[in-house]
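A.B. asks: Got a structure here, written out as structure tokens. Questions coming.
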Protein chains: 2
Amino acid sequence: MSDAPSAGTSSDTSNGTPRRRRGRPAGTRTGAAAGTRERILAAAREEFSAHGYDKTSIRSIGKAADVDAALVHHYFGTKDQVFAAAIELSFGPALELPGALAAGGPDGMGERVARFMLGVWENPVTREPLLAIVRSAVTNERAAAVFRGLVGRRVLARVAGELSVPDPEFRVQLAAAQLVGIIMLRYVVKVEPIASAAAEDLVAVVAPTIQRYLTDPDVRPGAGG
Amino acid sequence: MSDAPSAGTSSDTSNGTPRRRRGRPAGTRTGAAAGTRERILAAAREEFSAHGYDKTSIRSIGKAADVDAALVHHYFGTKDQVFAAAIELSFGPALELPGALAAGGPDGMGERVARFMLGVWENPVTREPLLAIVRSAVTNERAAAVFRGLVGRRVLARVAGELSVPDPEFRVQLAAAQLVGIIMLRYVVKVEPIASAAAEDLVAVVAPTIQRYLTDPDVRPGAGG
């Protein structure tokens with residue numbers, strides 16, 4: 001797979017309504033304001049990526065976006081809320097998983113999930129921002145809480161909603177754990193031979209595991225009791 | 001499981017011969033010198049745990065151990081070499097996995113591996129130093145390289161040596177990925193319900209996955225091709 005950066009993902013040019021806006025009413029919003037919001041968000045993602053959660057502040061984001069810190073706060077609220085927006089931007093491609101999953105039935109679900117998630121991580125354009133977010137979540141408790149809340153609500157809960165089996169959250173987290181572990185060894189710690197294995201080979205090997213977690217009746221929280 | 005710290009692990013009082021010693025010959029080593037070496041190593045682990053790989057230096061370790069930085073260098077060599085020694089100390093319990101594994105045959109291997117590794121992480125005394133090392137390895141490329149080398153050589157390669165199947169390294173890494181993912185979701189990001197599930201329930205659920213990776217003939221690097 002090529003390391004050359006390709007065109008930006010669709011989530012880079014999101015023009016959604018500003019969320020978590022505080023204080024002033026939204027009535028004055030114009031095209032220019034939308035541009036400012038996007039510039040702040042891009043700067044926030046850049047700052048969190050380059051310096052991590054700890055060393056990034058509302059002030060440093062404002063400086064990077066060339067706006068007053070008060071404007072960052074106006075559009076996004078607290079540092080945790082800017083971080084959540086930056087995660088949402090970085091996770092844009094992964095947030096499409098529930099939709100991709102809903103497109104098929106239970107058969108082959110493990111393979112579709114594995115292929116989708118590895119695909120997101122194989123692409124350097126989508127991988128680098130994800131890596132930065134994961135690093136912040138691993139090293140900072142507050143960042144972990146924001147990460148947990150957003151990914152839990154936007155990805156895990158929705159995937160669980162696609163399952164018509166008992167204990168869907170537990171199952172989805174087991175599947176996520178399998179993929180997280182592969183991602184850690186392959187893209188973060190870079191252990192060989194997993195780091196250089198063909199993505200399709202990894203999909204083939206982990207698909208039955210994920211399929212079992214998502215659909216096998218024997219998988220349940222009380223299995224060891 | 002209780003969060004109360006219990007007595008130190010056996011690896012805390014290791015009195016092994018100093019490795020990677022440089023410069024002066026070892027002839028002058030006495031009981032006092034061994035005590036100094038242990039004090040430096042304990043300080044190093046403490047510094048890496050508290051401040052991470054980036055912010056820890058030979059100098060800060062010397063200061064924490066109340067010795068000259070030159071003495072840290074004398075006993076351990078470079079910062080990477082002190083870090084490797086600190087990992088080895090923190091991973092003491094996990095380094096016993098190959099021995100524990102060798103004690104049984106291929107049947108039930110998945111369950112033994114899962115129970116052993118979750119046991120190490122369930123104990124707060126062994127978990128906290130491991131968490132600190134993992135955080136450094138995730139956030140710093142050099143720390144990741146040291147981590148990869150040591151864990152690869154001391155754990156993964158030895159476990160692979162216990163397998164009499166093709167592609168033992170690939171298999172062991174798949175098993176490790178499954179456990180790493182569970183560890184990340186349960187102990188690092190703390191996602192519910194996995195974070196509060198009974199350890200034995202998780203062992204029961206992931207054991208068949210690990211057993212399959214370690215022994216199933218269909219698991220192979222070219223599975224997707």
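The values are calculated or read from the model by the stated rules, or taken from the named source; none is laboratory data. This is a predicted model, so every value here is computed, not measured. Methodologically, a virtual Cβ is constructed for each residue, glycine included, from the backbone with ideal geometry; neighbour enumeration extends over all protein chains shown.
A.B. asks: Do you know which residues across the range B:157-179 are surrounded by 22 or more Cβ atoms within 10 Å (Cβ to Cβ) and modelled with pLDDT under 90?
C.D. replies: Selection gives B:V159 alone.
A.B. asks: Of all residues in the range A:182-225, which are surrounded by fewer than 20 Cβ atoms within 10 Å (Cβ to Cβ) and either among the aromatic types (F, W, Y) or touching a strand residue (DSSP E or B) at 6+ places or on another chain (Cβ under 8 Å) (or both)?
C.D. replies: A:Y187
A.B. asks: Where residues in the range B:113-136 are basic (K, R) and more than 16 Å from B:L214 (Cβ to Cβ), which of them is surrounded by the most Cβ atoms within 10 Å (Cβ to Cβ)?
C.D. replies: It comes out as B:R135.
A.B. asks: Within the range A:36-56, count every residue that is surrounded by fewer than 20 Cβ atoms within 10 Å (Cβ to Cβ) and either at pLDDT 95 or above or of a type in the set (D, E) (or both).
C.D. replies: So the count comes out to 3.
A.B. asks: Right, next: Where the second residue is of a type outside the set (K, R) and part of a loop (DSSP other than H, G, I, E, B) and the first is facing chain B (nearest Cβ under 7 Å) and lies in the range A:180-195, which pairs have Cβ atoms under 7 Å and are six or more apart or on separate chains?
C.D. replies: Close Cβ pairs (under 7 Å, with a partner that is of a type outside the set (K, R) and part of a loop (DSSP other than H, G, I, E, B)) amount to A:L185/A:V191; A:P193/B:P221.
A.B. asks: Also, I was wondering about something else. When you scan the range A:180-225, how many residues do you find that are within 22 Å of the chain's Cα centre (by Cα), closer than 17 Å to A:L156 by Cβ and at pLDDT below 90?
C.D. replies: Residues flagged as within 22 Å of the chain's Cα centre (by Cα), closer than 17 Å to A:L156 by Cβ and at pLDDT below 90 within the range A:180-225 amount to 0.
A.B. asks: Scanning the range B:201-212 for residues that are in contact (Cβ under 8 Å) with a residue 60 or more places away in the chain and of a type outside the set (A, V, I, L, M, F, W, C), which turns out nearest to B:V113 (Cα to Cα)?
C.D. replies: Ranking the candidates gives B:Q211 first.
A.B. asks: Ok, one more. Out of all the residues in the range B:106-130, which are in contact with a Ser or Thr (Cβ under 8 Å, 6 or more places away or on another chain) and either among the aliphatic types (A, V, I, L, M) or within 16 Å of B:L174 (Cα to Cα) (or both)?
C.D. replies: Passing the criteria: B:M109, B:G110, B:V120, B:V125, B:L130.
A.B. asks: Could we say that B:G110 is at negative phi, buried (at least 17 other Cβ atoms within 10 Å of the Cβ), assigned by TED's automatic domain parsing to the domain that holds B:K190 and in contact with a Leu (Cβ under 8 Å, 6 or more places away or on another chain) here?
C.D. replies: yes
A.B. asks: Hey, another quick one. Return yes when A:Q211 is polar (S, T, N, Q), within 8 Å of chain B (Cβ to nearest Cβ) and either within 24 Å of A:A102 (Cα to Cα) or in contact with a Cys (Cβ under 9 Å, 6 or more places away or on another chain) (or both) and no when it is not.
C.D. replies: Judged against the criteria, A:Q211 is not a match.
A.B. asks: Can you name the residue in the range B:100-129 that is among the basic types (K, R) and in contact (Cβ under 8 Å) with a residue 40 or more places away in the chain and, of all such residues, is farthest from B:L156 (Cα to Cα)?
C.D. replies: Ranking the candidates gives B:R127 first.
A.B. asks: Inside the range A:161-179, can you point out the residues that are more than 7 Å from chain B (Cβ to nearest Cβ), of a type in the set (A, V, I, L, M, F, W, C) and in contact with a Leu (Cβ under 7 Å, 6 or more places away or on another chain)?
C.D. replies: Residues satisfying the conditions are A:L163, A:V172, A:A175.
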